[in-house]
Amino acid sequence: NTMNEQELKIAEKIKELLCDSLGIEADVLTNDIPLFGDGIGLDSIDSLEMIAAIDKEFGVSMTGVGKEPFYNVESLAKYVAAHI
């Protein structure tokens with residue numbers, strides 16, 4: 001399940017956004033660590049911040065999207081790449 005160049009670039013930007021807006025340590029935030037639950041442990045407030053940041057940065061609305069794209073940075077990047 002590899003990422004293409006566009007997805008990798010988007011993933012890097014998403015990681016920057018998450019580190020900036022949610023204060024996540026950059027060295028913890030890999031492309032495949034789960035963002036919720038046992039991974040980073042984000043909550044629903046954090047997901048709203050993520051949705052706002054992604055909308056602002058990429059112009060991709062994630063409001064009302066199921067939770068699958070929010071699993072990790074890779075799934076977020078793939079979703080954004082597909083909807084840009």
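The values are calculated or read from the model by the stated rules, or taken from the named source; none is laboratory data. Just so it is clear, the model here is predicted, and its values are computed rather than measured. Heads up, the Cβs are rebuilt from the backbone with ideal geometry, glycines too, and the neighbour counts pull from every protein chain shown. Side chains are part of the model used for accessible areas, which takes the heavy atoms of the whole protein and leaves out ligands, DNA and RNA. Shrake-Rupley method; radii C 1.70, N 1.55, O 1.52, S 1.80 Å.
So here's what we get for this one:
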| item | result |
| --- | --- |
| Region 73-83 - residue that is over 8 Å from the mean Cα position of the chain (by Cα) and among the aliphatic types (A, V, I, L, M) and, of those, nearest to residue 15 (Cα to Cα) | 80 |
| Candidate set: region 15-37, residues that are assigned to a loop (DSSP other than H, G, I, E, B) and within 20 Å of residue 58 (Cβ to Cβ); chosen: the one most open to solvent (accessible area, probe 1.4 Å) | 26 |
| Residue check for residue 77: crowded, with 18+ Cβ neighbours inside 10 Å and either under 15 Å from residue 3 (Cβ atoms) or modelled with pLDDT under 95 (or both) | yes |
| Pairs with Cβ under 9 Å, 6+ apart, first in region 64-76 and without any contact (Cβ under 8 Å) to a residue 12 or more places away in the chain, second of a type in the set (Val, Ile, Thr) and part of a helix (DSSP H, G or I) | 69/80 |
| Residue in region 56-72 that is more than 15 Å from residue 15 (Cα to Cα) and among the charged types (D, E, K, R) present | yes |
| Enumeration of residues in region 47-63 that are part of a loop (DSSP other than H, G, I, E, B) and free of Cβ contacts under 8 Å to residues at least 24 places away in the same chain | 61, 62, 63 |
| Some residue of region 24-34 being out of contact with any helix residue (DSSP H, G or I) (no Cβ under 8 Å at 6 or more places or on another chain) and within 14 Å of residue 74 (Cβ to Cβ) | yes |
| Failed condition for residue 12, given (1) outside any helix (DSSP H, G or I); (2) open to solvent by 80 Å² or more (accessible area, probe 1.4 Å) | (1) |
| Every pair of residues 6+ apart whose Cβ atoms lie under 6 Å, when the first sits in region 21-46 and is at positive phi while the second is open to solvent by 70 Å² or more (accessible area, probe 1.4 Å) and not aliphatic (A, V, I, L, M) | none |
| Residue list for region 20-45, restricted to those being of a type outside the set (A, V, I, L, M, F, W, C) and either over 11 Å from the mean Cα position of the chain (by Cα) or modelled with pLDDT under 95 (or both) | 20, 21, 23, 25, 27, 37, 38, 39, 41, 43, 44 |
